[in-house]
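Data first, discussion second: the structure below is written as structure tokens.
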Amino acid sequence: MDKDIAISKEEQPLMVTIRCLTYNHEPYIRQCLEGFVMQKTNFRFEAIVHDDASTDGTAAIIREYAEKYPDIIKPIYETENQYSKHDGSLRRIMDAHTHGKYVAMCEGDDYWIDPLKLQKQVDFLEAHPDYGLVYTNVDFYFQKQDKFERSYITSGKLARSYDFLSHLINGGYIAPCTWLYRREYMPTYTQGYVDGTFPLALDIWANSKIHFLDEVTTVYRVVGESASHSRYLAKRFAFGSGVFRIKKEYIEKYRPLVPDEAKERIYVDAYSMLLPAAIALGKTEFVNEAKTYLKGKRMPLVRRALLSLSGCLIVVSLLRFLYRVKGNIV
């Protein structure tokens, strides 16, 4: 009987493709893969596990799981690192191997903890065709501190997103490692964005609905340096200004959805927030943009003073000192 069920399930259309990107994740990849193979579903799913020419033992662990679970783990082994090319090759490779009706994502250092994660999400999207994505709550695990931050989405530590506009204003985080979304929403843009999931969520919200399932299904591992979590001020400025670029482009892409007052709030907040780092790093072009846009706009007194004194060497030195005091590498 079990054999008959297995055969009939294998003959079903592919329901979910999990996209897993990994590079030098030897200490973590086994936990990630276990999260995939433990999924209990009444449909067929697969995990495309892309090893980007790791130099540690990551590929060997993937081979072990691919041999043990050939119906689930579908490996891609690179001999040349694709991410470092910054030419879109990594996305094109993953897109070519994504065939499920729905798409999930989980990088090799994150992991799923709910064996019914995919089943719950597929059930919801199958029952609600007007929704394009469902995401869940998530635990953050800080590797170096060996510390968990439970239920991060509802912890009160970040601004919640409820629709297109709130997500655009907040630059919101909705835990991509928990997502399941319809394959027709896979991004087609070719721009090199600093965060590909932010515009993807905006596109889905602009064209359908997004559902939040308040159950923790996933652990997001914070392992140290990254584009969004860095001690290097230049990296943090590059990420922040890159997110601002996405916001500006998506304001224009979906202009009828963005009231003028919301656009002004986004611009004022972004220029004000990024201004101190821009001055400390000598980003003259950005500082001049901020001066032009913020002229006559209401803003905190300290930020207004920074604008007027942005060319003063004493101010630049003071800002660099303050960033160093806070642990930033300038």
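Screening Ala305, Ala262, Ala234 for residues that are surrounded by fewer than 17 Cβ atoms within 10 Å (Cβ to Cβ) and free of Cβ contacts under 8 Å to residues at least 12 places away in the same chain leaves exactly one candidate, Ala305. Tell me which residues, restricted to the range 70-129, are among the acidic types (Asp, Glu), within 26 Å of Ile204 (Cα to Cα) and without any contact (Cβ under 8 Å) to a residue 60 or more places away in the chain. Answer for the range 70-129, where residues must be among the acidic types (Asp, Glu), within 26 Å of Ile204 (Cα to Cα) and without any contact (Cβ under 8 Å) to a residue 60 or more places away in the chain: Asp87, Asp123, Glu126. Cβ separations smaller than 7 Å between residues 6+ apart or across chains give no pair from the range 159-173 residues that are assigned by TED's automatic domain parsing to the domain that holds Val268 to residues that are in a loop (DSSP other than H, G, I, E, B) and acidic (Asp, Glu). Taking the range 234-330 and the helices (runs of 4 or more DSSP H) fully enclosed by it, the elements with 3 or more residues that are at pLDDT 95 or above are at 260-281. Filtered by the rule that a residue be of a type outside the set (D, E, K, R), more than 30 Å from Ser54 (Cβ to Cβ) and in a loop (DSSP other than H, G, I, E, B), the range 108-165 gives Leu116, His128, Pro129, Ser151, Ser155, Gly156, Leu158, Ala159, Ser161, Tyr162. Arg221 meets all of the listed conditions (1) within 30 Å of Glu26 (Cα to Cα); (2) surrounded by fewer than 18 Cβ atoms within 10 Å (Cβ to Cβ); (3) modelled with pLDDT of 95 or more but one, namely (2). Being buried (at least 21 other Cβ atoms within 10 Å of the Cβ), out of contact with any Lys or Arg (no Cβ under 6 Å at 6 or more places or on another chain) and more than 17 Å from Arg91 (Cβ to Cβ) holds for only one residue in Thr154, Thr136, and it is Thr136.
For the range 224-259, residues that are over 15 Å from the mean Cα position of the chain (by Cα) and closer than 20 Å to Asp139 by Cβ total 1.
The values are calculated or read from the model by the stated rules, or taken from the named source; none is laboratory data. Because the structure is a prediction, the values reported are computed rather than measured. Cβ atoms come from the backbone with ideal geometry, glycine included; neighbour counts cover every protein chain shown.
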